[in-house]
1. Given the pairs A:K79/B:K142; B:K386/B:K416; B:K218/B:K292; A:K103/B:K187; A:K36/B:K292, which are separated by over 27 angstrom at their Cα positions?
2. Please give the length that would be gained between B:N57 and B:T305 if that part of the chain were fully extended, namely 0.36 nm times their separation in residues minus their C-alpha to C-alpha distance (nm, one decimal).
3. State whether the stretch B:164-277 is rounded, prolate or oblate according to the following rule on the C-alpha gyration tensor (a ≥ b ≥ c being the square roots of its eigenvalues): a/c under 1.5 gives rounded; otherwise a/b larger than b/c gives prolate, and the remaining case gives oblate.
4. Once you have a ≥ b ≥ c as the square roots of the Cα gyration tensor eigenvalues for the stretch B:293-361, tell me rounded if a/c is under 1.5, and otherwise prolate or oblate according to whether a/b is larger than b/c.
5. List the trypsin sites (Lys or Arg not before Pro) within the stretch B:333-411 that DSSP assigns to loop and that have no more than 12 neighbouring Cβ atoms inside 10 Å.
6. Please compute the average number of Cβ atoms from other chains found within 10 Å of each residue's Cβ in peptide A:91-98.
7. Once the cut-off is 13 Å, how many percent of the Cα-Cα pairs in the stretch B:265-313 end up in the long-distance tail?
8. Pull up the cross-link candidates among the aspartates and glutamates for B:K127, meaning alpha carbon to alpha carbon under 20 Å and not fewer than 8 places away within one chain.
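FYI, it's all coordinate maths here, none of it is from the lab. Bear in mind the structure is a predicted one, so any value in this text is a computation, not a measurement. Counting neighbours? That spans all protein chains shown, and the Cβs are built from the backbone with ideal geometry, glycine included.
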Amino acid sequence: MKKWMLVGVVCGLWTMAAAQTKKPAAAGSSAVRGKKVYEQYCLACHQIDGSGVPRMNPPLIKTSYVLGEKEPLINVVLKGMDASVPIDDEYYSNNMPPHAFLKDQEIADVLTYVRSNFGNKASAVTPAEVKAVREKK
Amino acid sequence: MRTKMILLGCVSLLGLLSVQCFADHKTKDSSNHAKVDPGNAGLTLPAGFHAQAIAENLGAARHIAVTPKGDIYVKISSGKPGNAIAVLHDDNGKMDVKTFGTYRGTGIAIKDGYLYASSDEDVFRYKLDDQFQVINKDQPEKIITGLINRRQHESKSIALDNDGNIYVNIGAYSNSCQVQDRAKGSKGIPGCPIRDSAAGIWQFRADKANQTYGDGSKFATGLRNVVGLDWNNQSNHLFVMQHGRDGLFDMWPEYYSLEQGNELPAECMYKLNKGDDAGWPYIYYDGIQNKKMLAPEYGGDGKKTGGENAIDPVAAFPAHMAPNGLLFYTGNQFPAKYKNGAFIAFHGSWNRQKGQKGYLVAFVPFKDGMPSGKWEVFADGFAGIKDIQSPGQAQHRPCGLAQGPDGSLYVTDDVKGTVYKITYNGK
């Protein structure tokens with residue numbers, strides 16, 4: 001009886017562990033692809049740890065732009081940014097070029113990666129959401 | 001009676017002890033800045049040199065100037081009211097810090113009884129009294145105004161000659177004059193229009209109010225961005241350090257490998273004559289082949305050379321290290337080899353991949369107004385960590401340089417706002 005209980009508990013734990021690893025893995029497939037996009041198009045300026053360059057290229061760590069509404073964030077990727085806009089009270093000098101040449105899926109992946117890495121814990125971005133923002137203008 | 005005497009004795013002993021304590025405390029306080037820091041404030045230096053942090057937490061401490069009396073003026077790039085310039089005064093060993101002015105910016109210099117300082121659009125000057133202290137902190141004279149500031153390369157660094165002229169850097173508001181700045185594969189704009197009002201050094205009069213582009217003259221062009229510059233009194237020339245372009249690999253992977261993008265182009269030192277053209281954006285300088293190369297935005301492919309009419313640098317340094325301060329050393333405190341040589345404060349790279357570098361102060365020996373040997377690392381360890389991956393990890397980044405009246409070297413850091421004083425005693 002006791003043995004069965006133990007097996008039961010172990011199985012239960014295993015299932016829980018499997019479920020736990022499975023959940024990030026599901027979101028991970030987009031984030032994993034997003035990491036590749038990040039390394040190719042974003043890393044040079046925003047850096048390997050998302051910390052940016054002080055007063056030059058903004059950080060992606062826990063900033064309101066990254067964690068906030070998805071539409072302005074998607075627009076930054078699509079249209080770039082060259083206005084003198086303070087980001088969390090700090091000014092950044094370099095221009096960001098538009099990345100509208102990236103596919104909806106690639107933008108969704110890279111934003112999902114950025115929003116779930118560097119200490120960020122925000123929801124995933126879907127290709128449909130990118131498509132909707134792109135079609136607005 | 002006996003008890004009373006013992007008590008009295010104890011009380012006086014206590015009194016003596018407390019006086020002793022007080023005295024100890026006082027000496028400790030006053031020697032705080034005079035004592036040599038055995039840890040050299042975290043820096044590594046050649047044998048016989050010592051460093052101490054004489055001020056900390058000033059904010060984004062950019063360029064620095066020291067008066068003949070030893071007072072230190074530091075330009076703080078901050079928009080905070082009353083925080084444009086910090087004055088450091090050594091009050092019997094205790095560093096007294098005051099601030100004044102409200103404008104961002106980098107440049108600061110002292111010349112012929114005036115303190116000059118720049119915002120990212122204007123240059124101001126403040127009259128000094130016979131103790132070299134600013135007379136009216138609230139009403140500087142605006143000598144230059146309306147210089148272009150489009151965020152990128154905004155620093156209006158300054159230097160003065162001995163004929164009443166002031167030289168101002170106006171950096172290009174672009175990386176390489178592309179149609180779409182920093183976009184992959186975007187071509188260069190033909191006849192780059194940025195060079196009309198930026199990407200060069202402008203010359204103005206040091207004593208005339210409200211000058212703008214029409215009142216000055218373009219002294220040298222084709223310089224992408226100069227933060228560190230200094231007048232060399234030996235050769236009577238302006239020397240500048242250019243920040244070389246970014247993104248050869250990121251934007252042109254068909255021509256450059258990641259390693260080439262990391263190591264190209266060189267950060268260059270130029271000796272300027274009026275009318276010189278250093279070639280930006282049409283060319284960049286390859287410090288490995290020692291050649292001027294055609295930029296990929298203008299038809300280059302990593303192999304084609306260019307810039308037949310562009311001047312050559314007088315010294316080339318590793319890529320992306322961001323030279324922010326230049327100082328010709330004329331003091332007598334340091335060993336003879338340093339006399340008239342150039343110290344360069346490198347801010348440290350960000351546009352490299354798989355490891356950043358260059359958070360250091362370098363030295364280049366000079367003879368008769370030209371470099372006479374290879375550059376070397378003079379002061380290192382500012383970043384505070386090994387294998388630095390991103391500039392945000394750096395605890396300190398060197399920015400400005402100045403020489404004190406006793407020949408000491410001062411270095412600013414614009415991360416935490418530390419001011420380092422470097423001295424030599426041979427021990």
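1. Details: A:K79/B:K142 38 Å; B:K386/B:K416 19 Å; B:K218/B:K292 23 Å; A:K103/B:K187 22 Å; A:K36/B:K292 34 Å.
Exceeds cut-off: A:K79/B:K142; A:K36/B:K292.
2. Working: separation 248, 0.36 × 248 = 89.28 nm, distance 4.61 nm.
Gain in length upon complete extension: 84.7 nm.
3. Values: a/c = 3.25, a/b = 1.74, b/c = 1.87.
Here the stretch B:164-277 falls in the oblate category.
4. Working: a/c = 3.82, a/b = 1.66, b/c = 2.30.
In terms of gyration-tensor shape, oblate.
5. B:K354, B:K374, B:K386
6. Working: counts 4, 2, 10, 8, 10, 3, 9, 2.
Per-residue shielding by partner chains comes out at 6.
7. On the way: 605 of 1176 pairs.
For the stretch B:265-313, the fraction of Cα-Cα distances above 13 Å is 51 percent.
8. Hits, sequence-local ones excluded: B:D71, B:D112, B:D138, B:E141, B:D161, B:D163, B:D207.
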